[in-house]
Structures are given as structure tokens and as C-alpha cells.
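Encoded as C-alpha cells, the structure appears first; notes follow it.
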Amino acid sequence: MNEKLTIQTHRQGLMEITNQVREVVERSGIQDGLCTVFIQHTSASLTIQENADPSARRDMEAWMNRQVPENDPLYTHTAEGPDDMPSHIKALLTSTSLGIPVIDGGLALGTWQGIFVWEHRTRPHSRRIIVNIQ
Amino acid sequence: MNEKLTIQTHRQGLMEITNQVREVVERSGIQDGLCTVFIQHTSASLTIQENADPSARRDMEAWMNRQVPENDPLYTHTAEGPDDMPSHIKALLTSTSLGIPVIDGGLALGTWQGIFVWEHRTRPHSRRIIVNIQ
Amino acid sequence: MNEKLTIQTHRQGLMEITNQVREVVERSGIQDGLCTVFIQHTSASLTIQENADPSARRDMEAWMNRQVPENDPLYTHTAEGPDDMPSHIKALLTSTSLGIPVIDGGLALGTWQGIFVWEHRTRPHSRRIIVNIQ
């Protein structure tokens with residue numbers, strides 16, 4: 001079973017989509033299986049991270065921005081703007097697909113885990129995500 | 001099929017769990033399929049790495065500790081101790097889930113590949129891992 | 001269904017294998033499912049990245065080489081050459097397995113996404129990849 005989600009991002013940073021993925025799993029009626037979340041982009045990515053304290057997310061974003069800065073003289077791929085090449089590198093370091101077990105009809109996430117889209121571009125984007133359930 | 005494993009970590013660093021995952025695959029009796037290993041935490045993570053020479057593991061740990069140091073003035077999420085925020089970033093850079101083909105009733109790992117839990121916290125923890133086999 | 005591919009790499013860097021994976025999916029005849037690509041090595045890895053402009057790939061390679069240099073005095077695992085330990089760290093930061101939905105008999109990749117093997121060693125290697133389709 002595949003269901004497509006469209007996620008409207010508002011700015012650069014982590015945006016939680018746990019509820020949207022959970023609803024797809026519930027609609028599927030599948031009790032035990034595997035849920036794969038896949039993002040069809042190379043300048044936004046996925047991660048499972050702590051969803052309790054927003055300060056952890058802000059620190060991850062700040063660390064990543066320091067590690068992969070804009071306007072690095074190393075970049076030659078600059079035609080699409082200063083946030084484009086950092087976006088690809090940040091996507092490289094995080095995930096394009098996530099596999100999450102489904103148990104008793106629900107996502108088997110840990111207590112503090114949430115599923116996030118990480119928008120790496122500065123401007124808002126409409127991001128296509130596929131939720132695949134086996 | 002889902003089976004839960006509890007892994008007791010002893011200290012910060014990589015800890016091999018290939019045998020525990022292999023045993024779940026063998027118990028399942030599945031000949032050809034997909035094994036997904038999922039960790040239900042955001043301050044410990046998974047990786048498949050070389051399991052022959054412990055010096056490669058030590059170097060990976062040392063590199064990661066230099067890259068993501070404790071007490072970085074950038075961190076604001078510090079209430080849970082100096083090893084907490086680095087743990088989330090290290091988890092971000094490695095994996096929360098791994099998909100491994102099952103062929104002829106066994107994990108199709110390469111000759112030098114082992115499955116590892118990476119404990120990012122300083123103190124020992126009891127870590128919950130789900131092995132999902134399709 | 002599992003099919004093994006052997007990919008001959010020519011040098012350090014990203015090498016696109018989208019067509020080879022696509023052919024396995026088409027041969028399988030599976031209409032809707034999940035394709036997992038798995039590499040049986042720890043000094044080469046996988047990633048899904050932009051496949052339109054080669055300059056993006058070159059910048060990713062250059063960034064990674066600066067981030068994980070050869071001959072870092074931190075390394076103790078040096079017996080297999082100066083490119084060996086950086087290879088393991090680069091593999092750690094990228095992916096050993098990728099899950100991609102199969103929809104209507106094809107890989108559900110985004111418009112600009114390609115599947116790449118990243119050879120991290122300097123010399124050419126023969127790399128074993130498994131394409132698993134559920």
C-alpha cells in the first residue's frame with residue numbers, strides 16, 4: 001500500500017509529520033508490518049528525532065548550519081542560490097527513507113521519537129512524501 | 001514478524017549486535033525477505049560497519065567525538081547533561097533504521113559487515129530494538 | 001525477491017546506478033511494493049541525490065573530502081592505506097541501505113533523484129549490491 005502526502009513547509013528547519021504518517025497507518029488497517037516513509041526530494045530530508053523539547057531541534061539546526069554553511073568557497077554548484085548546495089549536503093547527512101515497524105496497528109516509535117521533514121531550503125516548499133506499508 | 005530485543009549498553013561507543021539479530025532471523029524460519037532493525041531511541045543509533053578490526057571502531061568514535069563535542073557553546077538544550085545534545089546530533093548523522101535482505105534463511109551481510117548499536121550517552125542504558133522481518 | 005548486482009567502480013566518487021536498479025524492478029514484474037537497495041561493503045555506500053547537474057556531485061565529494069581527510073593524525077587504523085579509515089567514516093555518514101517505494105511497476109523516485117554508489121576508496125573496486133523487492 002502506498003499513499004502520497006504533500007507537506008507544505010514554511011521555512012528552513014525541522015517540521016514534525018508523525019501524526020500524518022500515523023493516520024496513513026491507521027487508515028491502512030494493517031496490524032503488523034513495515035512502514036517506509038520516503039521523500040521525493042534532494043534538498044529536503046527525513047529524520048526521526050526527539051519531539052519533546054523544541055530546543056533540541058533548534059540546536060540540531062544550528063549545528064548543521066555551522067557544519068554546512070552557505071557561501072562556502074568550496075561550492076561550484078551555486079546557480080540555484082546560496083541555500084541550494086548546503087541543502088544537498090544536509091540531505092546527504094540525514095535520510096531520504098525511514099523504515100518503521102508497525103505493531104498492533106500502530107507505528108512502533110519510542111516514547112520520545114517523532115518523524116520530521118527537514119526543509120533545507122530557505123523558502124517554503126511543497127514536499128512530496130510517500131508512505132509505503134507492507 | 002516483529003521481535004523486541006533489549007540491549008544493555010555499558011558505555012559510550014559501538015556495540016555489536018549481529019548475533020542477536022541473526023538469531024531472530026533464524027527463529028523466524030523466513031528464507032527470503034527483508035529484515036529491518038529499528039532502535040526506539042534518539043540518543044543511541046544503529047550502523048553497519050566493519051567488524052574485523054576494533055581500531056576502525058575506535059577511530060570512528062574518536063572522529064565523531066571531535067566532530068560533535070560536549071560543551072559546545074552552540075548548545076542551548078543542556079538540561080539533561082553535557083552528553084545529551086551531542087547524542088542527538090550523532091544519532092542524526094547515523095541511522096535509526098537499517099534494512100537488510102534475508103537470503104537462504106540468513107542475513108545477507110557482506111564479509112566484513114556487522115550490525116552495531118552506538119550508545120551516545122556516557123552512562124549505560126537499556127536500549128529497545130525491534131527486529132522486523134517481512 | 002533478491003537480485004545481486006556487481007558494480008565496477010572506476011575511481012573515488014559518486015556513480016549512478018538508477019538504471020540498473022530500475023531494470024531489476026521491471027524484471028520482477030511487481031506493481032506495488034518496496035525496493036530495498038543494500039551494499040555489502042563498509043568502504044563504499046549508497047545515497048539518493050540529485051542526478052541532473054554533475055557539479056552538485058563534485059561539490060558533495062569535495063565537501064566530504066575536506067570533512068573527512070586522509071592522514072588525519074586521529075586515525076590509528078592505518079594499515080590498509082590512507083584512504084581506508086576515511087572510507088569507513090564516509091560510509092557511516094551516508095547509507096548502507098535505501099528503501100524506495102515501487103508504484104505502478106516503477107521506482108517512485110522524485111524528478112531529480114538518482115540512486116548512487118559512492119566509492120570511497122581511491123582504486124577501482126567490484127562492489128556487490130543486493131536489490132530486494134517485497
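Okay, here's what the table says:
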item	result
Residue-count net charge about residue B:25 - beta-carbon cut-off 12 Å; Lys, Arg +1, Asp, Glu -1	-3
Whole-Å distance, taken between Cα centres, linking the stretch A:53-120 and the stretch B:1-67	22 Å
Debye intensity ratio I(q)/I(0), log10, the protein assembly as shown, q values 0.08, 0.10, 0.11 Å⁻¹ (C-alpha model)	-0.37, -0.60, -0.74
Rounded tilt (10° steps) of A:18-28 against the dominant C-alpha axis of chain A	40 degrees
Sequence of C:50, C:3 once ranked by neighbouring C-beta atoms within 10 Å, starting from the fewest	C:3, C:50
Listed residues C:64, C:85, C:15, most fluctuating in chain C (Gaussian network, C-alpha, under 10 Å)	C:64
Estimated 222 nm signal from helices in chain A, with DSSP H stretches of n ≥ 4 weighted -39500 (n - 2.57), rounded to 500	-8000 deg cm²/dmol
Degrees separating the helix B:84-93 axis from the principal Cα axis of chain B, which is the longest one	40 degrees
Local electrostatic count at residue A:55 - Lys and Arg +1, Asp and Glu -1, tallied over other residues with Cβ under 13 Å	-4
Whichever lysines have a C-alpha closer than 28 Å to that of residue B:4, once near sequence neighbours (fewer than 8 apart) are set aside	B:90
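Each reported figure results from applying straightforward, stated rules to the coordinates on display, with no laboratory input. None of these values were measured; they are calculated from a predicted model. Cβ coordinates were reconstructed from backbone atoms using ideal geometry, including for glycine residues, and neighbour counts include every protein chain displayed.
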